[in-house]
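Working notes, structure below.
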Amino acid sequence: MSKAINFKRDITRPLLLTIFVLSVSIGWLFMTSYDLLLTQIKISKIDDYRFKLATLQRFIIDAETGQRGYLITNNPTFLDTYKSKPEEVRKILNYLDKSQLYFADKSSKIFQLRTLSATKFRIIDSSIQVQLHSGAYASHLTLSKDKGKLVMDKIETIIVEMDKNLEITKKRVSLNARHIFTKVIIGSILLIIIISGILLFSYRRTVRIFEQLIENKVQSEKLGFEADHDPLTRLANRRGLDKHLRNIHTISDRSEDMYAVFYMDLDGFKLINDKMGHEMGDAVLIKTAELFKSELRETDFISRVGGDEFVLVIHGYAKDAELCLLAERLLQSIRQPIEIMQKKYKIGVSIGIARFPVNSKHFDAILQLADKAMYESKKAGKNQYKFA
């Protein structure tokens, strides 16, 4: 008993230590990753802010372009561009002002941009009004043009200064992000080293446990498989068939589904087995099992119940026509001679089919009726199928 307790302690302690280290490390990695995420969000906000500034400048230029187009051509369609821009510029300025991104002189510069843009649009509007009343491009508009250029130059200067400040801020934030990322990498490497050391410390005991567990599991699965399967064809044996058929019968009886049993016996196999030997007979059985399986669905169940007899269980079919079609495919699968070691062997199969609940509602009777129907196929000339 004491050995078992010590054994548990030796396994539990490294695991508890690993859990503790992992918990602390994951918490640290989470916090640093969160900081990295915040820096990436801030970089994204800076990029968005810079884009809005460029858009603001472009909208003012578009308004000015619309003004010039109208003054030169007297075509009112140019005014469409101008009319929409003041409102769009106002929205961008509001967005920039309310943004949670902070840098030097942000408020004062936004205020200047708001004032200058309003002045710019008043100058543009004034020149348009003069044009509307004069009816032609007037020489006295030159003064307004010079004022407009002066205001536009101030706007561009402020935008360039703001963009430079934002670029400096972005470089600082990006550098911080790289430092955080470096910390994450170093922390991850240290975590791997620490955990690897802990696992290596308990390597021998842990490996022994898993090796024993795996060996026991493999052995158990092997014994279970061998108990329910035919060692030659690797199909289910009579014991495996009995388990499956009982399960299908119970399910079908409760859900009122139908299932069918195909009892199949090879024709001409005994002659091959007696004449060519058991080794060749075994090869024919293996090949025949493969051919049968190639015609079945994944849900169909086939077994070898002894000698050259096979039993197939079909669950969930709708009509007898489906069973007939399957029986024809099984007959056709071995209609051509089987080639083994460059020699061809001709065999066939007699099939008996019994259905639940059409032929019987009793579990034992279904298999017996299928066996009886198979013998009827033998008597009728072999290599065919008969229903019970």
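The values are calculated or read from the model by the stated rules, or taken from the named source; none is laboratory data. From a predicted model like this one, the values you see are computed outputs, not experimental measurements. Note that we place each Cβ from the backbone using ideal geometry, even for glycine, and neighbour counts take in every protein chain shown.
The set of residues in segment 24-47 that are surrounded by 13 or more Cβ atoms within 10 Å (Cβ to Cβ) and out of contact with any helix residue (DSSP H, G or I) (no Cβ under 8 Å at 6 or more places or on another chain) comprises 38, 45.
Going residue by residue through segment 277-287, is there one that turns out to be of a type in the set (D, E, K, R), outside any strand (DSSP E or B) and under 30 Å from residue 250 (Cβ atoms)?
no
Residues checked against (1) at pLDDT below 85; (2) assigned to a helix (DSSP H, G or I); (3) farther than 28 Å from residue 34 by Cβ:
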position	(1), (2), (3)
177	yes, yes, no
181	yes, yes, no
185	yes, yes, no
206	yes, yes, yes
212	yes, yes, yes
217	yes, yes, yes
239	no, yes, yes
246	no, yes, yes
252	no, yes, yes
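Within segment 368-382, none of the residues are surrounded by 13 or more Cβ atoms within 10 Å (Cβ to Cβ), touching a residue at least 24 places away in the same chain (Cβ under 8 Å) and touching a helix residue (DSSP H, G or I) at 6+ places or on another chain (Cβ under 8 Å). For segment 31-46, the criterion of a residue being at pLDDT below 75 and in a helix (DSSP H, G or I) is satisfied by no position.
Against the conditions (1) part of a strand (DSSP E or B); (2) over 25 Å from residue 290 (Cα atoms); (3) not small (Gly, Ala, Ser), residue 351 satisfies every one except (2). The listed residues are 328, 290, and the only one of them that is farther than 24 Å from residue 376 by Cβ, outside any strand (DSSP E or B) and either out of contact with any Leu (no Cβ under 7 Å at 6 or more places or on another chain) or at pLDDT 90 or above (or both) turns out to be 290. When we screen 262, 292 for residues that are in contact (Cβ under 8 Å) with a residue 60 or more places away in the chain, of a type outside the set (A, V, I, L, M) and either within 22 Å of residue 348 (Cα to Cα) or not assigned by TED's automatic domain parsing to the domain that holds residue 379 (or both), the only hit is 262. In this structure, residue 270 does not satisfy being over 20 Å from residue 375 (Cβ atoms), charged (D, E, K, R) and out of contact with any helix residue (DSSP H, G or I) (no Cβ under 7 Å at 6 or more places or on another chain). Against the criterion of being at pLDDT 80 or above, crowded, with 16+ Cβ neighbours inside 10 Å, touching a Leu at 6+ places or on another chain (Cβ under 8 Å) and of a type in the set (Val, Ile, Thr), residue 123 does not qualify.
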